[in-house]
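The structure appears below as structure tokens.
The values are calculated or read from the model by the stated rules, or taken from the named source; none is laboratory data. Keep in mind the model is a prediction, meaning the values are calculated, not measured. Ideal geometry is used to build each Cβ from the backbone, glycine not excepted, and the neighbour counts take in all protein chains shown. Keep in mind that these areas ignore ligands, DNA and RNA; they rest on the heavy atoms of the full protein, side chains included. Shrake-Rupley method; radii C 1.70, N 1.55, O 1.52, S 1.80 Å.
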Amino acid sequence: MSEVQKKKYSDKEKNNIFDNEFMPHIDSMYNFAFRLTFDEDDAKDLVQDTYLKAYRFINSFEQGTNAKAWLFRILKNSFINEYRKKSKQPAKVDYQEVETYYNSDSVDYNITSDLRVDAVKDMLGDEISNALNSLAVDFRTVIILCDLEGFTYEEMAKILDIPIGTVRSRLHRARNLLKDKLHSYAKDMGYDADEE
């Protein structure tokens, strides 16, 4: 295993790398984070954490290499670490706050129910997004990295820290799962879904 050579960048070089090599990828970083978390605020926090770590460990980055892949790997690792941390904690609900709100005079039950209907109505129209989001995180991640973000198998293997053969088999399985989930939708849209 080769050791990562750390280069000591000056503050000006750090800022230049950050602005010119890292910041152009912020939109794709947010899209990836949102697809992992399904929550705007969590996605923003994850991207912010990723950029903070990227700047903090910028001396580990080799200028001229694939900055997007390096950032995606940081984001993926941060997501996994946060997911593990949250999965070990029990869910927290402030019952006092809920009770206070619903016992107050300002609560409008009609607005509350309308918001629920609107949210469900918006979710029903995007079958492809729902099918993608219903995949397990490992399968969803390879689809996002390959088909939405355009990473090569080699880059994906580095980002996910798995062998390239695993990337290919996982991607194949993920696409088949997605295909099965979208079979009836394809028929409804007029595609011959029975063709291979």
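I'm checking my understanding of the structure. Among residues of segment 1-13 that are over 10 Å from PHE61 (Cβ atoms) and part of a loop (DSSP other than H, G, I, E, B), which one is modelled with the lowest pLDDT?
Here the residue is MET1.
Among the residues of segment 22-43, the ones that are β-branched (Val, Ile, Thr) and at pLDDT below 95 come to 1 in all.
Results for (1) more than 22 Å from the chain's Cα centre (by Cα); (2) surrounded by fewer than 18 Cβ atoms within 10 Å (Cβ to Cβ); (3) modelled with pLDDT under 95; (4) assigned by the TED database to the domain that holds MET156, shown as yes or no for each residue.
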residue: ASN59; (1), (2), (3), (4): yes, yes, yes, no
residue: TRP70; (1), (2), (3), (4): no, no, no, no
residue: SER78; (1), (2), (3), (4): no, no, yes, no
residue: VAL93; (1), (2), (3), (4): yes, yes, yes, no
residue: GLU99; (1), (2), (3), (4): yes, yes, yes, no
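Looking at segment 14-31, can you tell me whether even one residue there is assigned to a helix (DSSP H, G or I), open to solvent by less than 70 Å² (accessible area, probe 1.4 Å) and farther than 17 Å from PHE72 by Cβ? Within segment 14-31 (the criterion being assigned to a helix (DSSP H, G or I), open to solvent by less than 70 Å² (accessible area, probe 1.4 Å) and farther than 17 Å from PHE72 by Cβ), the answer is yes, since at least one residue qualifies. Could you tell me whether ARG170 is modelled with pLDDT of 85 or more and either open to solvent by 90 Å² or more (accessible area, probe 1.4 Å) or more than 21 Å from the chain's Cα centre (by Cα) (or both)? Answer is no for this residue.
Report, by residue number, each residue of segment 138-154 that is closer than 17 Å to ASN77 by Cβ and open to solvent by less than 50 Å² (accessible area, probe 1.4 Å). Scanning segment 138-154 gives ARG140, THR141, VAL142, ILE144, LEU145, GLU149, PHE151. Look at SER184 and say whether it is at pLDDT 90 or above and either assigned by the TED database to the domain that holds LEU36 or open to solvent by 50 Å² or more (accessible area, probe 1.4 Å) (or both). So SER184 fails the test.
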